[in-house]
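Enquirer: This is the structure, below, for whatever I ask next.
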Amino acid sequence: MLTPIQDSKIAIIGLGYVGLPLAVEFAKKFPVVGFDIDRKRIADLHSGKDHTLEIEDELLQSVVTVNAPENGEKGLYPTFESDFLSDCQIFIVTVPTPTDKYNRPVLTPMLKASENIGKYLKKGDVVIYESTVYPGVTEDECVPVLEKVSGLKFNQDFFAGYSPERINPGDKEHTVSKILKVTSGSTPEVAEYVDQLYRQVITAGTHKASSIKVAEAAKVIENSQRDINIAFVNELSKIFNLLGIDTHEVLEAAGTKWNFLKFKPGLVGGHCIGVDPFYLAQKAQEVGYHPEIILAGRRLNDSMGKHVATEVIKLMMRKDLKVIDSKVLILGFTFKEDCPDVRNTRVIDIYNELKSYDMDVDVYDPWANPAEVSHEYGIDIKSGDQAPSLESYSAVILAVAHKQFKTLQIQKSPKQVVFDVKGILDKTKVDSRL
């Protein structure tokens with residue numbers, strides 16, 4: 001017997017870019033326990049601070065509680081102590097699903113979360129996964145862990161659902177409640193239950209998929225589609241560069257047709273578009289199909305950092321500028337604009353390629369956390385409000401379209417190369433752009 005939604009206590013497992021916004025929305029109407037293994041993250045949330053900048057301090061402080069809320073109360077209690085999960089009836093998993101250095105899916109966070117939930121699973125409980133996976137992971141990989149640890153029987157004692165996250169980091173317009181949500185469940189009754197649960201907080205509405213596998217597949221192709229389309233325009237940018245044609249002007253002209261898809265060239269990183277296609281490719285290969293287009297798109301997009309660096313070096317040589325030991329400035333390091341998220345940023349590819357030519361490379365990003373960049377990538381970056389003096393560099397590469405960079409006072413010079421990866425500067429003031 002399922003616990004009535006209005007009488008339920010909700011646990012959110014993972015309080016990152018996906019979990020925290022969802023937990024805050026649910027905490028406006030339900031008692032919520034937010035669990036995360038990062039103790040510093042928990043301490044920050046209790047102090048009313050979100051380093052991801054997804055949730056405003058005032059809103060966060062209005063929902064975070066000192067003690068775990070009881071059933072019937074409202075509020076979010078962040079904790080790293082899993083015992084607080086024991087009296088929850090709904091568990092929502094929002095942990096990362098990365099790939100390893102060989103681009104193979106890493107399900108460890110999901111399996112560990114499932115193992116943890118299994119310790120507290122009771123009859124009538126529902127476990128909902130939001131993490132991006134290939135079709136089959138929820139029922140074939142996670143549910144067996146829940147059964148083994150809990151000793152309960154799936155679809156008899158406990159149930160599962162899948163509702164893929166659709167968070168867009170840094171986007172203050174398309175927030176979690178304003179993005180239509182796909183839902184699903186392990187039985188028709190549970191599918192309706194999960195759908196009704198999300199309808200409590202998702203004002204944009206929901207779409208109930210026919211099965212968990214359909215919902216999993218829908219999520220993984222959303223980002224694969226974007227990846228392939230961006231790969232297409234990235235390839236166009238390489239072709240048009242050789243032809244001496246400005247890619248952005250071509251796209252602007254083509255975009256006047258009503259059904260032209262408006263994508264722009266650039267680096268493709270982050271925890272979604274740059275990762276999710278590998279999950280679909282992995283499953284395809286397991287069933288004996290080699291995905292040509294998906295993997296070709298990945299290869300092309302992953303080559304763009306090296307391509308940018310190579311183009312900059314060519315431009316320097318044409319201006320008779322020294323390459324070895326020259327000073328180069330990269331503006332921006334996060335995987336997208338106006339966001340502190342540095343996960344899977346492809347700006348590192350530009351950096352590494354330039355360093356391979358023994359160039360002296362500085363990186364400035366007013367959004368990125370230097371300590372996090374140092375820990376994840378082993379490089380030191382400049383941050384803060386004051387950008388380095390552009391005049392002291394032989395080459396400047398605008399890699400991320402942060403709002404702080406859109407008004408840069410920069411001019412073409414025979415003593416400097418300016419490369420605009422994002423195409424946000426006046427083209428007459430830069431040497432080249434994608």
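Enquirer: Which members of region 44-83 meet the condition of being aliphatic (A, V, I, L, M) and either at positive phi or touching a strand residue (DSSP E or B) at 6+ places or on another chain (Cβ under 9 Å) (or both)? Spell out how you get there, then give the answer.
Expert: We begin by selecting, within region 44-83, every residue aliphatic (A, V, I, L, M); these are 45, 53, 55, 59-60, 63-64, 66, 68, 76.
Hits for region 44-83 are LEU45, LEU53, LEU60, VAL63, VAL64, VAL66, ALA68, LEU76.
Enquirer: Right, something else. Residues to consider are THR79, THR94; find the one that is of a type in the set (Val, Ile, Thr) and closer than 20 Å to GLY161 by Cα.
Expert: On the way: THR79 fails: closer than 20 Å to GLY161 by Cα.
THR94 is the lone residue from the list that is of a type in the set (Val, Ile, Thr) and closer than 20 Å to GLY161 by Cα.
Enquirer: So, of the residues in region 380-407 that are open to solvent by less than 40 Å² (accessible area, probe 1.4 Å) and without any contact (Cβ under 8 Å) to a residue 60 or more places away in the chain, which turns out to be farthest from the chain's Cα centre (by Cα)?
Expert: Initially, region 380-407 is screened for residues open to solvent by less than 40 Å² (accessible area, probe 1.4 Å), giving 381, 384, 388, 390, 393-402, 405.
Still in the running and without any contact (Cβ under 8 Å) to a residue 60 or more places away in the chain: 381, 384, 388.
On the way: ILE381: 21, GLY384: 24, PRO388: 29 Å.
Selected residue: PRO388.
Enquirer: How many residues are under 17 Å from GLN89 (Cβ atoms) and surrounded by 19 or more Cβ atoms within 10 Å (Cβ to Cβ) if we restrict to region 145-182?
Expert: Qualifying residue count, region 145-182: 7.
Enquirer: State the number of residues belonging to region 314-352 that are in contact (Cβ under 8 Å) with a residue 24 or more places away in the chain, open to solvent by 10 Å² or more (accessible area, probe 1.4 Å) and not polar (S, T, N, Q).
Expert: The qualifying residues number 18.
Enquirer: Okay, moving on. Report, by residue number, each residue of region 85-119 that is in a helix (DSSP H, G or I) and in contact (Cβ under 8 Å) with a residue 60 or more places away in the chain. Working first, answer last.
Expert: We begin by selecting, within region 85-119, every residue in a helix (DSSP H, G or I); these are 85, 108-118.
The answer is LEU85, PRO109, ALA113, ASN116, ILE117.
Enquirer: Considering only region 144-263, give the strands (runs of 3 or more DSSP E) lying wholly within it that have at least 2 residues that are of a type in the set (A, V, I, L, M, F, W, C).
Expert: Values: elements: 159-162, 181-183, 206-208.
Of the strands (runs of 3 or more DSSP E) lying wholly inside region 144-263, those with at least 2 residues that are of a type in the set (A, V, I, L, M, F, W, C) span 159-162.
Enquirer: Kindly indicate the residue of region 408-434 that is open to solvent by 10 Å² or more (accessible area, probe 1.4 Å), touching a Ser or Thr at 6+ places or on another chain (Cβ under 9 Å) and in a strand (DSSP E or B) and also farthest from VAL328 (Cα to Cα) among those meeting that condition.
Expert: Among those that are open to solvent by 10 Å² or more (accessible area, probe 1.4 Å), touching a Ser or Thr at 6+ places or on another chain (Cβ under 9 Å) and in a strand (DSSP E or B), it is ARG433.
Enquirer: Is it true that SER356 is at pLDDT below 95 and among the hydroxyl-bearing types (Ser, Thr, Tyr)? Walk me through how you get there before you give the answer.
Expert: Numbers: at pLDDT below 95: no; among the hydroxyl-bearing types (Ser, Thr, Tyr): yes.
Spelling it out, it is not the case that SER356 is at pLDDT below 95 and among the hydroxyl-bearing types (Ser, Thr, Tyr).
The values are calculated or read from the model by the stated rules, or taken from the named source; none is laboratory data. What you are looking at is a predicted structure, and each value in this text was computed from that prediction instead of being measured. Every residue, glycine among them, receives a Cβ derived from its backbone with ideal geometry; neighbour counts consider all protein chains shown. Quick note on the areas: whole protein, heavy atoms, side chains included, nothing else; ligands and nucleic acids left out. Shrake-Rupley method; radii C 1.70, N 1.55, O 1.52, S 1.80 Å.
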